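Data block below; observations after.
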Amino acid sequence: MKCVAAMLMIAVGMLAGTLLPSQAAMLNTMDDVGDAIQACWTPPADAGNSTVTLSFSFKRDGSLIGPPRPTAAKVAGDDKARKAFIEAAVAAVKNCTPLTFSPALAQGIGGNVFTLQLAAPKQ
């Protein structure tokens, strides 16, 4: 019985690492943070050549301080396409957090404003 429980715990741990890549690796730099969030981003299929810049802040534990805010957007299409693109970008950041910061990064990240541009097609 203990063997089955141990194997189940190992399997769950491996599955969590697969489903939650942003939480699997400790992030050491702001470039690592940007790369982790970019990895979570999947632009809408019909986005054309579009970009949105989001502004957001982290707590030291890797969670967000409030929702990401769009600060600039250039979206192909109408207002509905613009809204969908921005919502997809905000959702990518929300779904990717909390992140796992190294102690050194966590020490200095709390409350600082971070901006990130998300683009379609994905670069």
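The values are calculated or read from the model by the stated rules, or taken from the named source; none is laboratory data. Computed from a predicted model, the values in this text were never measured in an experiment. Ideal geometry is used to build each Cβ from the backbone, glycine not excepted, and the neighbour counts take in all protein chains shown. We work out accessible area using only protein heavy atoms, side chains counted, and drop any ligands, DNA or RNA first. Shrake-Rupley method; radii C 1.70, N 1.55, O 1.52, S 1.80 Å.
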Q. Using a basic spin-label model with each label point 7 Å from the Cα along Cα→Cβ, how many nm lie between residue 71 and residue 55?
A. 0.5
Q: Figure the gain on full extension for residue 45 and residue 117 (residue separation times 0.36 nm, minus the Cα-Cα span) and round it to one decimal in nm.
A: 24.2 nm
Q. Hey, what's region 35-74 come to in accessible area per residue, 1.4 Å probe, Å²?
A. 53
Q. Excluding ligands and nucleic acids, what accessible area in Å² is computed for residue 35 using a 1.4 Å probe, to the nearest 10?
A. 100
Q.
If I model region 31-123 as equal point scatterers sitting on the Cα atoms and use the Debye formula, what is log10 I(q)/I(0) at q = 0.10 Å⁻¹?
A. -0.25
Q. How long is the gain from residue 91 to residue 30 if the chain were fully straight, where each residue apart is worth 0.36 nm and the alpha carbon distance is subtracted?
A. 20.0 nm
Q: Could you go through region 41-53 in sequence order and give the Karplus-derived ³J(HN,Hα) for each residue, using 6.51 cos²θ - 1.76 cosθ + 1.60 with θ = phi - 60°, rounded to whole Hz, and x for Gly and Pro?
A: 8, 10, x, x, 4, 9, 6, x, 8, 10, 9, 9, 10
Q. How much accessible surface area, in Å² rounded to 10, belongs to the heavy atoms of residue 78 with a 1.4 Å probe?
A. 100
